[in-house]
1. Charges at C-beta only: +1 for Lys and Arg, -1 for Asp and Glu. How large is the resulting dipole of the chain about its Cα centre, in Debye rounded to 20?
2. With a cut-off of 8 Å between alpha carbons and a minimum separation of six or more residues, what is the relative contact order of segment 490-555 in percent?
3. Report the full-extension gain for the segment Arg334 to Arg547: residue separation times 0.36 nm, less the Cα-Cα distance, to one decimal in nm.
4. Under 16 Å from the Cα of Lys352, which lysines turn up, not counting those fewer than eight places away in the same chain?
5. Could you tell me the relative contact order of segment 267-425? Use alpha-carbon pairs under 8 Å, at least six residues apart, and round to a whole percent.
6. Give me the net charge of Gly463's neighbourhood, meaning all other residues with Cβ under 11 Å from the Cβ of Gly463; Lys, Arg count +1, Asp, Glu -1.
7. Once you place label points 7 Å from the Cα toward the Cβ at Gln565 and Thr376, how far apart are they in nm?
8. Roughly how many Å is it from the Cα centre of segment 156-172 to that of segment 428-471, as a whole number?
Amino acid sequence: MKLCPAFFAAVLLSSLTLGTAAQTPDWRTPAEISNYRTTPDYAETVAYIERIANAAPGQVKIENFGKTGEGRDLKIVIASKDGVFDPAAIHASGRAILLVQNSIHAGEMDGKDACLSLLRDLVISKVRKDLLEHVVFVFIPVYNIDGHERRSAYNRINQNGPELAGWRANGSNQNLNRDYMKAEAPETRALLKMFHRWLPDFFVDDHVTDGMDYQYDVTFGLDATPDVAPATAQWIRDTVTPELAARVNASGHLAFPGLIDLNDDTDPTQGLSFSGDQPRYSTGQMILENRPGLLVELHMLKDYKTRVTGNYEILRALLEVMNRDAAKLIAFNREADADAAKLGAHPLGNQKFPLAIGWNGENTPVPFRGYQFTRTLSEISGAMWVSYRHEPWNATLPMATGAKVTTSTTPPAGYIVPQQWVHVIDVLAAHDVTLRRTTAPWTGKVERYRCSGMQWQGRPFEGHHPTFGGEGSGGQPGRYGQCALATETLTFPAGSVVVPLDQRLSKVAIHWLEPDAPDSALRWGFFDSIFEQKEYGEAYVLEKLARENLAQNPALKAEFERRIQADPLFAASPRARLEFFYERSPWFQENRVGQYPVGRLLSLDGLPLE
Ligand SMILES: [Zn+2]
């Protein structure tokens with residue numbers, strides 16, 4: 001039976017301490033005991049962690065942080081060298097907090113089994129005990145527990161083991177890794193509360209890839225795009241990314257410091273595509289939280305032992321870097337929080353805030369260790385297909401590395417949201433954004449959007465029909481139209497919600513309330529009702545309106561006649577011909593179609609706030 005080096009060391013140490021092998025407790029994890037043929041279900045996972053916590057009560061604590069949709073207990077495990085488990089006390093001690101999330105896609109559970117081994121090596125065998133010197137290690141063994149317990153041999157067609165694996169989505173078939181911004185699932189809401197209680201310094205989300213075949217077993221992505229705080233981004237780019245790759249490689253695994261996504265599914269020579277994170281993803285959410293986020297993707301075609309031990313090594317490597325750079329990391333985070341709290345300080349000035357990031361056209365040639373492949377025309381699909389051979393293909397490929405800001409906004413001092421938009425406000429509250437209410441009606445100048453040209457995606461995506469295309473769009477894709485700003489003097493009733501931007505979570509508010517942001521409330525459909533026309537004119541009433549207009553307004557008459565000449569569909573529709581006059585009347589204006597109800601505040605001064 002082959003065992004991982006960490007286990008071997010654990011047994012060796014225990015043997016030395018306890019004398020005879022017969023008395024040595026077996027601290028192998030369930031996955032190690034099966035030689036990585038299987039992964040434990042949730043009860044067995046928790047039982048192993050509880051056994052460790054009982055054996056090391058001064059260093060390990062298990063806490064519940066909420067319930068899944070199906071009612072299971074969400075848990076975090078805390079490993080702390082001196083038994084200090086209170087987040088405030090840990091922050092005060094100057095130690096950095098690492099939070100690792102496992103099994104958000106519950107068929108991808110490598111990180112869970114890696115964390116069980118790591119926990120054992122931190123506090124039982126103590127072969128890694130030094131990694132707790134300046135860091136407190138917190139992990140979620142299984143985040144998507146309901147998906148994890150939907151075990152089957154047929155959940156992950158691309159993946160090489162273990163025998164049974166969980167399901168990608170949660171109990172209501174929502175992908176939790178698309179829910180961070182809109183925060184609809186009970187799991188997301190519980191996680192956000194827990195996250196803010198702990199306010200970790202570094203966040204990791206463990207996954208397993210889909211996609212092409214190659215030699216690497218560990219791939220990872222760390223955002224250092226222009227929307228990341230500058231000092232953090234530089235540390236990520238210059239230090240963390242190269243060091244993680246080097247340290248993982250030194251352990252005998254093979255790491256690629258990027259997420260391997262092809263420009264062309266059937267032709268790897270076309271290179272690797274750009275990846276940037278939107279707030280619907282865990283690591284995109286971290287940008288709004290002013291924290292570095294590491295996305296780990298183990299390669300699906302490697303055997304389970306290779307993957308779990310590879311996941312172990314990248315977590316070990318990150319803990320090493322964090323232990324060395326703890327003070328630096330804490331300072332970067334403090335600075336990023338302070339900068340975020342200044343976003344509303346120069347309302348509607350020159351400061352541009354990035355809402356979306358894209359590729360700027362720059363490629364970097366990167367050494368790439370793939371496998372030999374052939375491309376053949378398939379008589380089954382009618383398209384090219386790729387088949388890989390397990391012979392190395394060591395090439396240099398173009399990688400789309402250059403990033404630019406594709407959409408931005410000038411932040412206001414804050415937002416004001418009429419209180420009837422309860423679902424929109426509720427999401428901000430779920431994110432722990434500081435909200436205040438007006439105590440009296442307030443009249444003042446605000447900027448307000450009017451939006452048009454939206455099209456809604458035909459098929460549902462995460463339970464919505466958003467105005468963006470993309471994943472799962474199939475059929476008719478969504479399309480975001482445009483929203484134009486105008487300055488107006490408006491009255492907002494008492495009880496309106498004011499969202500000041502002089503707070504740590506200002507970026508969450510901006511991304512949720514600016515329609516142009518990729519995961520805004522408007523794009524997800526939370527404001528769909530503003531696009532509905534609610535009053536209509538009867539034909540005989542509009543006929544009268546049209547005749548009066550034609551008689552009194554020669555310019556309108558000319559426009560109408562031009563339209564009939566130029567637009568056959570219009571000319572052939574009696575209803576459209578009458579609507580032409582209704583849409584140019586004050587009656588239509590009162591429908592307020594596309595009028596965005598949120599105001600952008602020029603200042604917070606003079607607002608009657610509680
Ligand atoms: Zn995944």
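1. Using Cβ point charges on Lys, Arg, Asp and Glu, the chain gives about 440 debye.
2. 11
3. That works out to 70.0 nm of additional length.
4. Within reach: Lys342, Lys404, Lys507.
5. 28
6. Residues near Gly463 contribute -1 overall.
7. 6.3
8. The two parts, judged by their Cα centres, are 34 Å apart.
The values are calculated or read from the model by the stated rules, or taken from the named source; none is laboratory data. Treat the numbers as computed from the prediction; the structure is a model and nothing was measured. FYI the Cβ positions are ideal-geometry reconstructions off the backbone, even for glycines, and counts take in every protein chain you see. For the accessible areas, the whole protein counts, side chains as well, though only heavy atoms, and no ligand, DNA or RNA atoms are used. Shrake-Rupley method; radii C 1.70, N 1.55, O 1.52, S 1.80 Å.
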